[in-house]
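Student: Okay, handing you the structure first.
The values are calculated or read from the model by the stated rules, or taken from the named source; none is laboratory data. What you see is a predicted model, and the numbers here were worked out from it, not measured in a lab. Because the Cβ atoms are built from the backbone with ideal geometry, glycine has one as well, and the counts that use them run over all protein chains shown. Just the protein is used for accessible areas: all its heavy atoms, side chains included, with ligands, DNA and RNA removed. Shrake-Rupley method; radii C 1.70, N 1.55, O 1.52, S 1.80 Å.
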Amino acid sequence: MSISPNVPSPQESYHYENTGTPRWIAALFGVLIVVVAVLAYSGYSSESRLQGDLSKAQDQSKLLAAQLDQANARLADLKGHIEVTEQKVGITQAELAKARSRAEAIRKDQVASDEKMASQLNQVKEESNQKIGEVATEVGGAKKDIEATRTDLESTKSKLERATGDMGVMSGLIAHNRDDLEELKRRGDRNYYEFKITKNKTPQRVGPVQVALTKADQKRSKYTMTVFVDDRSVEKKDKTAGEPVQFYLKGSARMAPYEIVVFDVGKNEINGYLSTPKDAGSGGASAPAPAAAAPPAAAAAPAATPTKP
C-alpha cells in the first residue's frame, strides 16, 4: 500500500502534536495576566486611597492637635480664672462676714434707738398733756379777756351820745374819735365820710358837698367854715369841736339833716366826718361850683376820700 506524499506519517503527526502549545494554557495565561493586571490596578488604587486616607488622617491629626493645644490654652486660662475667682470669692466671703457683723451692729443700734424713741415719745406725750392743760387754762383766761373786751366795747358803745345840733335838731349818735366813728360805721345807720381839711380859700369836696376852712382856733377848739351845698354857701361860724353842725340839701327838709362833726382843731386844719341820711345816697346831691363867695377854682378842688360803712 502506497502512502500519499501529502499525508504525514504517524511519527510526524505525533511530533507536531508534542511541539505545539495547547490553547487552554494560553487562555489560562491570558486570564492570569488579566487577573494580575486587575489585582495590580486594584492594589494601586487601594494604595492611592490608603495614601489619601492617610493624608486626611494626618491632616485631621494635625487639626486635632491644634484643637487640643487650643483646648489646653483655654483650660489654662480657665484655671487661671478659677484661681482668681476663688480669691475673689474668698474676699467676698470676708466682706459678707463683715457685712453681717455690720448689719447685726446696726440692728442692735436700731433696737436701742427704738427704745430711746419710745421713751422720748412717752416724755413728749407727758409734756404735751401738761401743755394742753396749760393751754386750756390760757384759753380760759383768754375767754375772760374776751369777755372783758366785750364789756369794754359795750361801754364804748354806751359812750356814744346824742346831741342837739346848731340848728336845734336832735342829732343821731355822735362820734368823738375814730374808734367811735368805726362803731358808727359798723352800725350802718347813716353814710359817713371822714375828712381832714386845711385852711384854704379853695373848698374841698367831702361826700356830696364842698367845705372850705376859713378860720381855726386851736386853743379854744373853735373853727369857722363855709359849706357849699346846691347853689348856695352856708357859713358855720365859731363852731366847737364835737358840736354837730347841721344843714339841709334841697328837697331834704323832711329828712334828717346832714351833719359835720369835728374831732380836733389844729393850727390850720380840722379833721372829723360828715354823716348823711341813708336814703340820701352816697352822692345823689351834687355840689355845683359855689357862688361868688368862693373862688372859681372851687370846682377843681381835690376831693376828700369818702369812707362808707
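Student: Dipole size in debye (nearest 20) for the stretch 197-268 around its Cα centre, Lys and Arg Cβ +1, Asp and Glu Cβ -1?
Tutor: I would put it at about 220 debye.
Student: While we're on this one: Among ILE33, ALA66, LEU54, pick out the residue whose Cα is farthest towards the positive end of the charge dipole of the stretch 18-71, where Lys and Arg carry +1 and Asp and Glu carry -1 on C-beta, about the Cα centre.
Tutor: Value: ILE33.
Student: Let me ask something else. Can you give the charge dipole size of the stretch 34-105 about its Cα centre, rounded to the nearest 20 debye, using +1 on the beta carbon of Lys and Arg and -1 on the beta carbon of Asp and Glu?
Tutor: For the stretch 34-105, the charge dipole is close to 260 debye.
Student: Rank by packing, highest mean first: peptides 229-242, 121-134, with packing defined as the count of other Cβ atoms within 10 Å averaged across residues.
Tutor: 229-242, 121-134
Student: Right, here's the next one. Can you pull the percent of the stretch 186-245's accessible area that's carbon plus sulfur, 1.4 Å probe, other chains left in place?
Tutor: Looking at the stretch 186-245 in its full context, I get 39 percent from C and S.
Student: What aspartates and glutamates does LYS125 reach when the alpha-carbon gap must be under 18 Å and sequence neighbours fewer than 8 apart in one chain are set aside?
Tutor: Leaving aside aspartates and glutamates fewer than 8 places away in the same chain, those within reach of LYS125 are ASP114, GLU115, GLU134.
Student: With point charges of +1 on the Cβ of Lys and Arg and -1 on the Cβ of Asp and Glu, referenced to the Cα centre of the stretch 43-198, which listed residue (ALA97, GLY188, GLY141) lies farthest in the positive direction of the dipole?
Tutor: The residue sitting farthest along the positive end of the dipole is ALA97.
Student: Tell me, what is the 1.4 Å probe accessible area of ILE25, in Å² to the nearest 10?
Tutor: So the heavy atoms of ILE25 present about 50 Å² to solvent.
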